[in-house]
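Structure, as structure tokens:
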Amino acid sequence: MPTRPKTDVVAKFTKEWALPVAATLGSSVRAKGILLEVRAHLPSDTKKLIHHDAGRLALRVGEGSEDAFRTASAIVSDTLKGVENLPVIPREAEDILTITATERHRWLKDGSLQSAGTRTVKLRGRARKITFHVFDPRHIEDVLDRDLVTIWREEDAITAAENRRRAAGKAALKRAKKRALKAGPVNQNDEESLQDLQGWGEFESDGLLR
């Protein structure tokens, strides 16, 4: 049987709210998060009547629903007051700053990313709850404006290189001692020769083996 073509419900009442850049921080993920926050405050029969479209929230209600339209409009307008201060959740922070979850966890742990507290939510359809850190939008905006992510990545690269040098030095010392033990008792000359290992002086002067 041929399928019946879908018909769009003509909206009788419409209203739109522009989302300021200070609220979305240029992120579509953040804009969707704001939409979900607004929907959470709406009655169940009007939640799906509001959508995000090109930087705006649009409410469209069909004929015969004027009361529902007025109620929903008032709720949306009230919810959007101060939306610029809505905490940034992890997936939004990752999208705004273009970082990975691993980087977010690392920089949160070392204090580069500053937590604004935690939030606990229950996953849909599950009894389990999860707790995660949220961030002040002005802090995220500052990190973005000052391009601090680039600086943090450079610092991470330096730290990783130092860790590799330290590990290489320890491994070289361990191998030298193992060879010396296999060769027999270590006399004073052998101990001095261990100190002359290639690169030993550099590692010792940097204090990397302590």
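Quick note: the coordinates plus some simple rules give every number you see, no bench work behind them. On a predicted model such as this, the values are computed, not experimentally measured, just so you know. Glycine also receives a Cβ, built like all others from the backbone with ideal geometry; neighbour counts cover every protein chain displayed.
A Förster radius of 41 Å combined with the Cβ-Cβ distance from L181 to K109 puts the calculated FRET efficiency at roughly 0.55. Once the Cα-Cα distance is subtracted from the 0.36 nm per residue extended length, the D147 to D78 segment shows a gain of 21.5 nm. Per-residue Cβ neighbour counts within 10 Å put L148, L123, L49 in the sequence L123, L148, L49, beginning with the fewest. Computed from the Cβ-Cβ distance with R0 of 35 Å, the FRET efficiency linking T100 to K47 stands at 0.65. Each peptide in 52-58, 28-34 receives the mean, over its residues, of other Cβ atoms within 10 Å, and ordering these scores from highest gives 28-34, 52-58. Taking a ≥ b ≥ c as the square roots of the eigenvalues of the Cα gyration tensor of the stretch 7-84, is the shape rounded (a/c under 1.5), prolate (a/b larger than b/c) or oblate? Prolate is the answer for the stretch 7-84, as a/c is 1.5 or above and a/b outweighs b/c.
The label point for R165 and the one for S28, both projected 7 Å from the Cα toward the Cβ, are 4.4 nm apart.
Taking each of K109/K177; K12/K48; K12/K122; K47/K129; K109/K129; K48/K122 in turn, the alpha-carbon distance tops 25 angstrom for K109/K177; K12/K122. Over the stretch 7-84, Cα pairs under 8 Å with separation of 6+ residues give a relative contact order of 43 percent.
Legend: calculated FRET efficiency, R56 to K122, from the Cβ-Cβ distance at R0 = 41 Å, rounded to 0.05, equals 0.85. Going by a ≥ b ≥ c, the root eigenvalues of the Cα gyration tensor, does the stretch 87-146 fall in the rounded group (a/c under 1.5), the prolate group (a/b larger than b/c) or the oblate group? Prolate, since a/c reaches 1.5 and a/b exceeds b/c. With 0.36 nm allotted per residue and the present C-alpha distance subtracted, the T131-T14 stretch has 38.4 nm of extension available.
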